[in-house]
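The values are calculated or read from the model by the stated rules, or taken from the named source; none is laboratory data. The structure presented is a predicted model; accordingly, all values stated were derived computationally and were not measured. FYI the Cβ positions are ideal-geometry reconstructions off the backbone, even for glycines, and counts take in every protein chain you see. Surface accessibility is based on the protein's heavy atoms, side chains included, excluding ligands, DNA and RNA. Shrake-Rupley method; radii C 1.70, N 1.55, O 1.52, S 1.80 Å.
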Amino acid sequence: MQPTITLCLPILILLNTICQATPTTTPDSAKHEKSLFEALTRIRKQHNLLEIKLNTRMAFHSDLSPQESEQSAFRMDYLRLQITGNITERIFYKWMQHLNKSDTPHSLDNMPASINCLGVGFHITPALSLFAGKQYADFGGFEYDADPAEVYSFSDFGNNITCFLMGVHLAWWVTPSQEIRFQITDARSNKDDKTQLPANYKTAKTPLGYTVNWNGNFLDNTLSTRCSFSLFHESQKQNIYFWALAGAWQHGNFNMYIDGLFSIEEIDKLGILSEISGQAEQPYRATHCQYFSLISRLNYRILSKLNIFAKGTYETASARTGTNLPESGKYRTSYGYQGGIEYFPMKENLRFFLVYRGKQTDYTRLSAPFHLSNEHPQHLSLGLTYKIPIY
């Protein structure tokens, strides 16, 4: 560790000197958080050309389910390098790389799987901006939009959806409290695996996804909304249709959100029903699928530095008429539940947590041909999340 710091420190000092010579906006001193670079060098950063953070979550996990074989252990759950900055008042950039994820490039976009975001943005006007590169798909929902390090366990939707895609998006603040986003991305990151596809499947010449997203704030930011519609053109005759409707309420020490997510998939994109069919002798990609997710989290600050929370999910996976699964109908229902306590000793970006997580997955009679058993994993986790301000 020491040689790395010794090597990086002169580079950061040089960058700081160059950046101070660049006319950029000085950060608000009241909101400024001292970085490790500033603490070590005692040089005050006077620009916003370069900002480096290491987003982390680490914990000791204990498996509480007798039927599970997972070992209790310390684990680095999340480790992401985040580099952002403003080149000018109108041009900005983002680079976010998941350090404990594979660097193998995807076959379609030729972008390493570990890169979550990499691109350049432009403030066309104070209310209109454009971003091009790898980015979040604007599916909407408060769990989906949250910092991944702060989500102790995602819903089935959050665990299976492809979040990061190459494309462009346009963000327009119609009013100071109402934002509309238009986005075009690749429909997926990898080319099709033809060994798992239905016989009548024909790859789309231009597999793209289109999303419109509306974000609103009302009643002096007491009520917030996230609404979106997406259409993904997966093959020549098979599309994905996705809707999100979400709301959040903030009042005093209490806040909560509810996400409602629904998708109709003519070729299985989430992959949950295809995973069920994977138990067959010859696995195949499911067609004509339908997914529904209801997600909610409640937080209450019992003290200024102490938060308690509860989270629940209800999700279903069903096959529609025309499916290549044995029958149409509901194949799977899952119930997720979490509860815990969070302690914030200094800054909001540092927290210690104790969390209990459980999930009940029930398979219906339609899943009987695949010989699946109901599941009920439970875990207890003690750890911390810290978005370390490096520079």
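Out of region 373-389, which residues are surrounded by 17 or more Cβ atoms within 10 Å (Cβ to Cβ) and out of contact with any Asp or Glu (no Cβ under 7 Å at 6 or more places or on another chain)?
380, 381, 383, 386, 387
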Is there a residue in region 226-234 that is open to solvent by 30 Å² or more (accessible area, probe 1.4 Å), assigned to a strand (DSSP E or B), of a type in the set (Lys, Arg) and at pLDDT 90 or above?
yes
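State all residues of region 32-53 that are open to solvent by 40 Å² or more (accessible area, probe 1.4 Å) and not basic (Lys, Arg); if no residue qualifies, say none.
32, 33, 36, 39, 40, 43, 46, 48, 51
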Output for region 356-371, where each listed residue is more than 21 Å from residue 337 (Cβ to Cβ) and surrounded by fewer than 16 Cβ atoms within 10 Å (Cβ to Cβ):
365, 368, 369, 371
Looking only at region 80-100, which residues are of a type in the set (Lys, Arg) and either over 21 Å from the mean Cα position of the chain (by Cα) or open to solvent by less than 30 Å² (accessible area, probe 1.4 Å) (or both)?
80, 90
Residue 136 meets each of (1) closer than 30 Å to residue 308 by Cβ; (2) of a type outside the set (A, V, I, L, M, F, W, C); (3) without any contact (Cβ under 8 Å) to a residue 40 or more places away in the chain; (4) open to solvent by less than 20 Å² (accessible area, probe 1.4 Å) with one exception, condition (4)
Take region 323-333 and flag every residue that is assigned to a strand (DSSP E or B) and surrounded by fewer than 20 Cβ atoms within 10 Å (Cβ to Cβ).
329, 330, 333
Looking at this structure, is residue 57 among the basic types (Lys, Arg), within 20 Å of residue 339 (Cα to Cα) and open to solvent by less than 60 Å² (accessible area, probe 1.4 Å)?
yes
Does region 270-281 contain any residue that is under 26 Å from residue 65 (Cβ atoms), assigned to a loop (DSSP other than H, G, I, E, B) and out of contact with any Ser or Thr (no Cβ under 9 Å at 6 or more places or on another chain)?
yes
For region 37-54, what are the residues that are of a type in the set (Lys, Arg) and within 20 Å of residue 79 (Cα to Cα)?
53
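Scanning region 346-355 for residues that are open to solvent by 60 Å² or more (accessible area, probe 1.4 Å) and hydrophobic (A, V, I, L, M, F, W, C), which turns out modelled with the lowest pLDDT?
346
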Say whether the condition of being more than 14 Å from the chain's Cα centre (by Cα), crowded, with 17+ Cβ neighbours inside 10 Å and touching a residue at least 12 places away in the same chain (Cβ under 8 Å) is met by at least one residue in region 139-150.
no
Check region 170-182 and report whether any residue there is basic (Lys, Arg), more than 25 Å from residue 258 (Cβ to Cβ) and surrounded by fewer than 20 Cβ atoms within 10 Å (Cβ to Cβ).
no
Within region 249-261, track down each residue that is over 20 Å from residue 342 (Cα atoms) and not acidic (Asp, Glu).
258, 260, 261
Does any residue of region 301-315 turn out to be of a type outside the set (Ser, Thr, Tyr) and under 24 Å from residue 198 (Cα atoms)?
no
Kindly indicate whether any position in region 242-254 is more than 16 Å from residue 179 (Cα to Cα), open to solvent by 20 Å² or more (accessible area, probe 1.4 Å) and not in a strand (DSSP E or B).
yes
Closer than 21 Å to residue 154 by Cβ and at pLDDT 95 or above: is that true of residue 343 in this structure?
no
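Okay, residues lined up against (1) within 21 Å of residue 152 (Cα to Cα); (2) assigned to a strand (DSSP E or B); (3) of a type in the set (A, V, I, L, M):
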residue	(1), (2), (3)
260	yes, yes, no
265	no, yes, no
310	yes, yes, yes
321	no, no, no
352	yes, yes, no
Take the residues in region 280-320 that are aliphatic (A, V, I, L, M) and in contact (Cβ under 8 Å) with a residue 40 or more places away in the chain, then tell me which one is surrounded by the fewest Cβ atoms within 10 Å (Cβ to Cβ).
302
Given the criteria open to solvent by less than 50 Å² (accessible area, probe 1.4 Å), part of a strand (DSSP E or B), in contact (Cβ under 8 Å) with a residue 60 or more places away in the chain and under 21 Å from residue 61 (Cα atoms), does residue 340 qualify?
yes
